[in-house]
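Computed from the coordinates by the stated procedures, all read-outs in this text should not be read as laboratory data. Note that the structure is predicted; figures quoted are calculated from it, not measured. Cβ: placed from backbone, ideal geometry, glycine included. Neighbour counts: every protein chain shown.
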Amino acid sequence: MKRGRLALLLATSLVTGLAGAGCGNRVIDKDTDGVPPAEATGTLRVLIPSFPTSTKGKEAFDAVVADFKKVYPKLKVEANFVTYSTLNEKISTSIAAGIPYDVMVTGVGWIQPFASKRIFADLADYGVTPELIKQQSVAALIPAATYQDRLYAYPLIADARAAALRISAFKEAGLDPDKPPVTMAELKATAEKLTKRDANGTITRPGFDMFSPNGFRQAYTTFLASTGTPLYVDGQPNYNNQMGLETLEWIKSMIGNVQVFGQQNAAQQPMVLTGEAAMGMVGGAVDCSEKGIGQKNCDDLKFFRYNNGKEVEFVGGDLASIGSRSKHKLAAWAFIQALSKPSSLDAMAKLNRKIPAYKDAVNSPQAKSNPLSKFVAGGLELAVYEGGSANWLEMRANFDAQLTQAVLGQKDPAKVLANLAGQSR
């Protein structure tokens, strides 16, 4: 489904049927919020991308349901396991059909678009405050769950990013791996020293792998934030300025200089993990077993974060919300409480190779399972993320396409940023 059609579908469904179901809709359960939990009946509909459709995924989800059933024994749970590529459409079509979800798990950058369309319920009614999240979860994720000073989601798991260098490559170039480059200027100078070329001048080993197979949106967001400049402030674009332009120009100066545009390995994984690049951006986990990259490769890695005035760590993740049209809002909150128990979060983190978004994540089983997860778990309070505008889901693809055009010299970087800012709302 096209982005424009999605936006139209959302707007139309809200105008024609937010307060009640339209003609031909399935019968919606009776409101259970005034019914004792032990007596509540009906079906709790859950839309969630956090459990893969595997045996282990089903077992982990069933454990959450079993926990929930201790409070709501008679309420059925109907789960729709989706991927992020189909999540938007599922929410939109459920609203149009008048069959709303009670619990919706979406991602960082998704809360503001859906909260602005009144699809999510304000969690203050269920005792969720910034103070509660600070006590139990990751305080740095509060803005990602907030729209117009109200909380609409509870953090579940974090999908963090970092940077890595090859110790052997640094030593070979006479550089100190214990002093990684953290500013954009340092990264460029170091990457140029680490880049290898053949006799024809073709890059054979990137000095820095931007790892942007789908575009430069996340790289741009991260480096910009490391200057102390978030992508959006109070829902308004904060990149059409001198710092935003300098960041985009810097990325442009790297491509073709220390890395060929679009260069990837066959596995489409960060090349620094296997030594195909000397430095680069990485995800939030690494498999050091022989089934993964092996212990020898892991031992040759050192992880670091960017700091152009502010140390940051790019973070995505899964956040749980209550549907504003739910007839089972109290039950939906009870289900989110079951989802957010440490044992549930640990299971989701392992299944998705992400970090549980609870207070002591650095000591979680996932963090202890590999050195990269341990590193990013220790930096969750430095979280920065993409999104912030009410139309971010429409803007994401625009960012990738237009930033790429600027990096490749097809469009003027300043005009690209001005154009993107003009499209944000």
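Computed over neighbours whose Cβ is under 12 Å from that of residue 232, the net charge equals -1, Lys and Arg +1, Asp and Glu -1.
Please find the FRET efficiency linking residue 63 to residue 299, where r is the Cβ-Cβ separation and R0 is fixed at 41 Å, and quote it to the nearest 0.05. Efficiency, from the Cβ-Cβ distance: 0.70.
Pairs exceeding 28 Å between alpha-carbon atoms, taken from 69/368; 90/368; 69/350; 117/327; 117/329; 74/354: 69/368; 90/368; 74/354. Using alpha carbons only, how many angstrom separate the centre of region 264-327 from the centre of region 407-425? Here the answer is 28 Å between Cα centres. The fraction of all Cα pairs in region 290-359 landing in successive 5 Å bins from 0 to the largest distance is 3, 12, 13, 14, 16, 16, 9, 7, 5, 3, 1, given as whole percents.
For the chain, the antiparallel share of DSSP beta bridges with both residues in that region comes to about 70%. Ranking 94, 133, 271 by Cα position along the charge dipole of the chain, where only Lys, Arg, Asp and Glu carry charges on their C-beta atoms, puts 94 farthest toward the positive end. Modelled this way, with points 7 Å down the Cα-to-C-beta line, the labels at residue 414 and residue 183 are 2.4 nm from one another. Remark: the chain carries a charge dipole of roughly 700 debye about the Cα centre, counting +1 on each Lys and Arg Cβ and -1 on each Asp and Glu Cβ. What separates the Cα centres of region 130-145 and region 26-94 is a distance of 24 Å. A straight line joining the Cα centroids of region 230-250 and region 356-405 runs 19 Å. If one puts a single equal scatterer on every Cα of region 30-110 and applies the Debye formula without solvent, what log₁₀ I(q)/I(0) results at q = 0.22, 0.24, 0.26 Å⁻¹? Here the Debye-derived log intensity ratios amount to -1.11, -1.19, -1.25. Taking GluC sites (Glu not before Pro) in DSSP loop states with no more than 16 other Cβ atoms inside 10 Å as exposed sites, the chain has its longest site-free stretch at 40-289.
Toward the positive end of the charge dipole of the chain, with +1 on the Cβ of Lys and Arg and -1 on the Cβ of Asp and Glu, the farthest Cα among 182, 365, 317 is that of 317.
Under 5 Å from the amide H of residue 79 lie the amide H atoms of 46, each residue being 5 or more positions distant or on a separate chain, with H modelled from the backbone and absent for Pro and chain starts.
Rounded to the nearest 500, the 222 nm mean residue ellipticity of the chain from helices alone is -11000 deg cm²/dmol, with -39,500 (n - 2.57) taken per DSSP H run of at least 4 residues.
Extension gain, residue 54-residue 287: 0.36 nm per intervening residue step, less the Cα-Cα distance, totals 81.9 nm. Take the Cα of residue 124, go 7 Å toward its beta carbon, and none of the backbone nitrogen atoms of region 87-117 fall under 12 Å from that spot.
When the Cα positions of 227, 207, 247 are compared along the charge dipole of region 194-289, 207 comes out farthest toward the positive end, with charges on each C-beta of Lys, Arg, Asp and Glu.
Potential lengthening of the chain between residue 405 and residue 136 amounts to 92.6 nm, from the contour at 0.36 nm per residue minus the alpha-carbon distance. A straight Cα-to-Cα reach below 13 Å connects residue 359 with the aspartates and glutamates 131, 346, 381, residues fewer than 8 places away in its own chain not being considered.
Placing unit charges on the Cβ atoms only, positive for Lys and Arg and negative for Asp and Glu, gives region 155-276 a dipole magnitude near 240 debye about its Cα centre.
Near residue 173, once Lys and Arg are set to +1 and Asp and Glu to -1 for all other residues with Cβ below 15 Å from its Cβ, the sum equals +3.
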